[in-house]
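Q: Got a structure for you, questions after.
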Amino acid sequence: MSRRPSKDLAYGSDGVGRCPWAMSTPDYIAYHDQEWGRPVHGDTEIFERLTLEAFQSGLSWLTILRKRDSFRAAFARFDPELVAAFGDADRDRLMADAGIVRNRAKIDATLTNARALLNLQYQDGVGALDTLFWSHAPAGSPERRALADVPASTAESLALAKALKRRGFVFVGPTTMYAAMQAMGLVNDHLVGCTVVSA
């Protein structure tokens with residue numbers, strides 16, 4: 001197959017071809033170039049990404065990206081044992097924290113997911129979320145030659161969502177899980193010719 005760059009690539013003043021969604025702000029360029037699509041491992045690291053994807057639902061990812069340090073501070077750097085122990089006083093604190101997205105359902109979902117993660121680790125050991133998540137990576141990622149080639153969800157993201165729900169996780173629908181799979185490198189949805197992939 002030809003490796004001709006995608007017609008949908010965008011080029012900035014640095015002359016670098018990137019996925020077009022990355023070009024609107026320097027925050028997105030840095031996230032695209034340094035993080036998006038690179039493999040993420042570790043239960044805590046995946047718990048953080050799942051939490052941020054849940055908070056993003058209905059909002060711009062840029063909003064979440066710019067509040068990321070505040071989220072880390074508010075949620076004890078996403079240590080699942082600490083977050084699982086949060087109670088009513090912590091909910092009130094989080095609802096009053098202007099540094100994060102103050103949505104009670106999403107805050108409660110984060111606490112629920114921390115407890116589900118601890119249960120999963122109790123049953124299957126530390127690294128169980130990492131193993132579960134990566135067991136749903138597709139055998140290979142097709143080349144994305146145009147933005148229209150990038151799906152909103154896949155059979156794998158649906159299966160992952162179902163597997164997580166069976167284990168007590170919430171706010172993990174197939175579209176949210178596909179976004180997480182893209183961000184954490186389970187699939188490569190950089191467009192063909194994106195300099196990040198070529199580097």
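Q: Using only Cα atoms, locate the centre of the range 21-40 and the centre of the range 97-145, then give the distance between them in Å, rounded to an integer.
A: The two parts, judged by their Cα centres, are 21 Å apart.
Q: Right, something else. Of the candidates ALA89, ALA161, ALA116, which one comes out as most mobile in a Gaussian network treatment of the chain with C-alpha springs shorter than 10 Å?
A: Between ALA89, ALA161, ALA116, it is ALA89 that shows the largest mean-square fluctuation.
Q: For the chain, take the longest principal axis of its alpha carbons; what is the angle in degrees between that and the long axis of helix 155-166, to the nearest 10 within 0 to 90?
A: Helix 155-166 sits at roughly 10 degrees to that axis.
Q: Let me ask another. Measure nothing fancy, just the Cα-based angle from helix 174-183's long axis to the longest principal axis of the chain, in degrees from 0 to 90, nearest 10.
A: That works out to roughly 60 degrees.
Q: Among ASP130, ASP92, ASP79, which one shows the biggest mean-square fluctuation in a GNM of the chain, springs joining Cα atoms closer than 10 Å?
A: Most flexible of the set in this elastic network: ASP92.
Q: Taking just the alpha carbons, could you work out the radius of gyration and Dmax for the chain, both in angstroms?
A: Reported Rg and Dmax, both Å: 17.5, 58.
Q: Once you sort the root eigenvalues of the Cα gyration tensor of the range 125-178 as a ≥ b ≥ c, which label holds: rounded (a/c under 1.5), prolate (a/b larger than b/c) or oblate (the other case)? It would help to have the intermediate numbers written out before the result.
A: Values: a/c = 3.17, a/b = 1.72, b/c = 1.84.
Judged from the Cα gyration tensor, the range 125-178 comes out oblate (a/c at least 1.5, b/c at or above a/b).
Q: Out of every Cα pair in the range 78-153, what percent are spaced more than 20 Å from each other?
A: Working: 1484 of 2850 pairs.
Distances greater than 20 Å cover 52 percent of the Cα pairs.
Q: Against the longest alpha carbon principal axis of the chain, how many degrees, from 0 to 90 and to the nearest 10, is the axis of helix 104-124 turned?
A: 90 degrees
Q: Hey, in the GNM for the chain with a 10 angstrom Cα cutoff, which one of PRO80, PRO39, PRO26 fluctuates hardest?
A: Taking springs between Cα atoms under 10 Å, the residue moving most is PRO26.
Taken together, the values in this text are just the output of simple stated rules run on the coordinates, not laboratory data. Since this is a predicted model, take the numbers as computed values, not measurements.
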